[in-house]
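As structure tokens, the structure follows; a few thoughts come after it.
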Amino acid sequence: MDSLEDTLQRLRDTFRAGRTRPAEFRAAQLKGLSRFLRDNKQLLQEALAEDLHKSPFESEMSEISIGQGEIDKALRNLRAWMKDEKVSKNLATQLDSAFIRKEPFGLVLIIAPWNYPVNLTLVPLVGALAAGNCVVLKPSEISKGTEKVLAEVLPRYLDQSCFAVLLGGPEETGRLLEHRFDYIFFTGSPRVGRIVMTAAAKHLTPVTLELGGKNPCYVDNSCDPQTVANRVAFFRYFNAGQTCVAPDYVLCSPATRERLLPALQRAITRFFGEDPQRSPNLGRIISEKQFGRLQGLLGCGRVAIGGQSDEGDRYIAPTVLVDVKETEPVMQEEIFGPILPIVTVGSLDEAIEFINRREKPLALYAFSSSSRVVRRVLACTSSGGFCGNDGFMHMTLASLPFGGVGASGMGSYHGKFSFDTFSHHRACLLRPPGLEKIYSLRYPPYSPGKLRLLLVAMEDRGCSCTLL
Ligand code: NAD
């Protein structure tokens with residue numbers, strides 16, 4: 001077996017030889033990825049069930065079909081995305097050709113988490129390969145079933161001179177990060193995000209950090225409680241709450257809370273039956289460590305719905321907590337499980353103030369029958385993404401960038417944003433070799449007349465019109 005150094009050198013050599021640059025090569029890798037998903041759908045679904053008790057429905061909807069959609073989009077648009085982008089010129093550059101070239105960075109490292117272990121490895125991988133990079137993929141060691149498929153099966157579908165899967169936990173990833181990469185794309189917790197960024201800084205390697213946080217969900221008094229309850233419960237309990245963009249807590253008035261509680265109970269029973277533990281549609285907590293952490297959070301405030309747990313089955317019932325204090329752990333850390341606290345506020349202004357005195361979240365949700373209220377929450381807050389009157393539907397659109405801001409991350413991807421993330425935007429200007437008479441205007445000896453002329457010639461007219 002190759003040593004880590006040998007593997008990285010092999011990938012660097014491939015990149016330097018220019019092998020990954022042609023559109024045909026990139027398309028062949030994307031088609032390989034597509035075949036991987038098609039041929040191994042069953043295997044992946046079994047692995048996701050083993051790791052997270054993920055139902056085939058959730059696996060298909062949130063992992064496999066999203067990966068496939070990204071591949072199809074990249075294949076359809078690859079040549080257009082790769083094209084040099086012409087830019088507007090000023091008078092001084094009228095005879096030149098000015099454009100942005102999207103060139104691959106080189107050797108890219110993708111580090112993925114366990115909660116959507118197919119989606120969050122393959123979707124960045126699509127962008128990195130489409131952009132013509134060589135890639136080291138480091139899946140999560142926690143989602144073991146999926147890690148095995150990605151390590152053993154995926155490489156058979158890709159050119160191994162430009163792609164490798166490397167395995168390991170914190171220690172091995174720490175060692176990997178000592179090496180120089182040309183780009184690092186990390187999805188995971190803010191704590192590890194800091195470790196990754198510190199390691200990247202040593203080599204001045206650019207990073208995308210897709211992190212987490214607490215996503216507020218404001219519910220206005222004007223809403224239909226059952227509609228809101230259905231939508232909040234669906235997105236909160238999807239994948240047993242282990243979703244970075246899940247609504248983390250509800251902010252509403254005491255009166256709305258009273259209307260929401262029975263509606264949430266009805267939604268939970270409708271989705272998962274009288275005994276959610278027996279439902280094939282409810283996921284399980286990924287590990288004993290996470291289970292222990294979540295069980296601790298059940299002690300915050302007062303349990304209004306659910307609250308049951310079974311360690312042997314890593315089961316936590318869909319739960320709603322009330323009367324939680326802002327200082328309690330459930331309101332201090334990202335919940336990342338099937339627990340929904342409801343925090344009461346006196347007004348919309350108070351809700352906005354509550355949101356704004358915390359870290360900027362990855363997603364923010366506002367429910368109201370008045371579009372003015374939804375737009376007010378949008379205008380007065382900041383977050384990676386925003387959705388009015390629903391859960392994380394905004395991230396299902398590849399035409400929207402997906403990423404955080406502030407503590408929830410930096411950079412974005414999905415669709416063309418992925419291609420652009422994994423491409424260096426090189427500023428290019430090609431000047432004809434002659435016409436020295438015209439260009440010598442700028443040389444010393446300087447004069448006020450030359451200065452006037454040059455300032456006019458270099459003015460940005462903001463149009464791409466050409467004189468000739
Ligand atoms: P994590 O940060 O513990 O691990 C992520 C990756 O980093 C794994 O591959 C892991 O092996 C590696 N890692 C762990 N410790 C490390 C260390 N000390 N040094 C180097 N590498 C290390 O995250 P997780 O528990 O796998 O995932 C949950 C977190 O990810 C949550 O905070 C969630 O919000 C976030 N997340 C964000 C997004 C997003 O798109 N923004 C998506 C999913 C999950």
Next item on the list: Excluding residue 428 itself, calculate the net charge of residues whose Cβ lies under 9 Å from the Cβ of residue 428, where each Lys or Arg counts +1 and each Asp or Glu counts -1.
Entry: +1
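Around residue 288, with a cut-off of 12 angstrom between Cβ atoms, what is the net charge of the other residues, counting Lys and Arg +1 and Asp and Glu -1? Walk me through the numbers before you get to the answer.
Working: positive: 284, 289, 293, 314; negative: 311, 313.
So the surrounding residues net to +2.
I'm checking a number: the convex hull volume of the Cα atoms of the chain, normalised per residue, in Å³. What is it?
On the way: hull volume 86.4 nm³, N = 468.
Output value, Cα hull per residue: 185 Å³.
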Notebook entry, point to check: Around residue 105, which amide H atoms from residues at least 5 apart in sequence, or from another chain, sit under 5 Å from its own amide H, with H modelled in the peptide plane?
Noted result: 424
Check: Which whole-number percent is the relative contact order of the chain (Cα, under 8 Å, 6+ apart)?
Finding: 20
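Could you state the orientation-averaged shadow area of the convex hull built on the Cα atoms of the range 188-284, in nm² to one decimal?
8.2
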Next item on the list: Calculate the dipole size of the chain relative to its Cα centre from +1 charges on Lys and Arg beta carbons and -1 charges on Asp and Glu beta carbons; express the result in debye to the nearest 20.
Entry: 1880
Notebook entry, point to check: What is the diffusion coefficient of the range 18-142 in µm²/s, taking the Kirkwood radius over Cα pairs and the Stokes-Einstein relation at 10 °C with a viscosity of 1.306 mPa s?
Noted result: 98
Next item on the list: Quick one: order 154, 109 by neighbouring beta-carbon count within 10 Å, fewest to most.
Entry: 154, 109
Check: Counting other Cβ atoms within 10 Å of each Cβ, which GluC sites (Glu not before Pro) in the range 163-252 have at most 11 and sit in a DSSP loop?
Finding: 178
Notebook entry, point to check: So for 347, 369, fewest C-beta neighbours within 10 Å to most, what's the order?
Noted result: 347, 369
Notebook entry, point to check: Under 5 Å between amide H atoms, partner at least 5 residues away or on a different chain: which partners does residue 218 have, H built in plane at 1.01 Å?
Noted result: 251, 365, 366, 367
Note to self: Restricting to Cα pairs below 8 Å that are 6+ residues apart, what does the relative contact order work out to for the range 216-403? Please round to a whole percent.
What the structure shows: 28
Margin query: Using each residue's phi in the range 399-413, evaluate 6.51 cos²θ - 1.76 cosθ + 1.60 at θ = phi - 60° and report the 3J(HN,Hα) Karplus result to the nearest Hz, with x for Gly and Pro.
Written below: 7, 10, x, 10, x, x, 9, x, 5, 8, x, 8, x, 7, 8
Check: Which of the lysines could a cross-linker span from residue 325 if the Cα-Cα distance has to be under 27 Å and same-chain partners fewer than 8 positions apart are dropped?
Finding: 214, 289, 360
Next item on the list: Quick one: net charge around residue 331, please, counting Lys, Arg +1 and Asp, Glu -1 for every other residue with C-beta under 11 Å from its C-beta.
Entry: -2
Check: Which lysines does residue 148 reach when only Cα atoms under 20 Å apart count, and residues fewer than 8 places away in its own chain are ignored?
Finding: 41, 54, 138
Notebook entry, point to check: Which far-off residues, 5 or more places away or on another chain, put their amide H under 5 Å from the one on residue 305, with H placed in the peptide plane?
Noted result: 320
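All of the numbers you see were taken from the coordinates with simple rules; none came from a lab. Computed from a predicted structure; not experimentally measured. We place every Cβ from the backbone using ideal geometry, glycine too, and count neighbours over all the protein chains shown.
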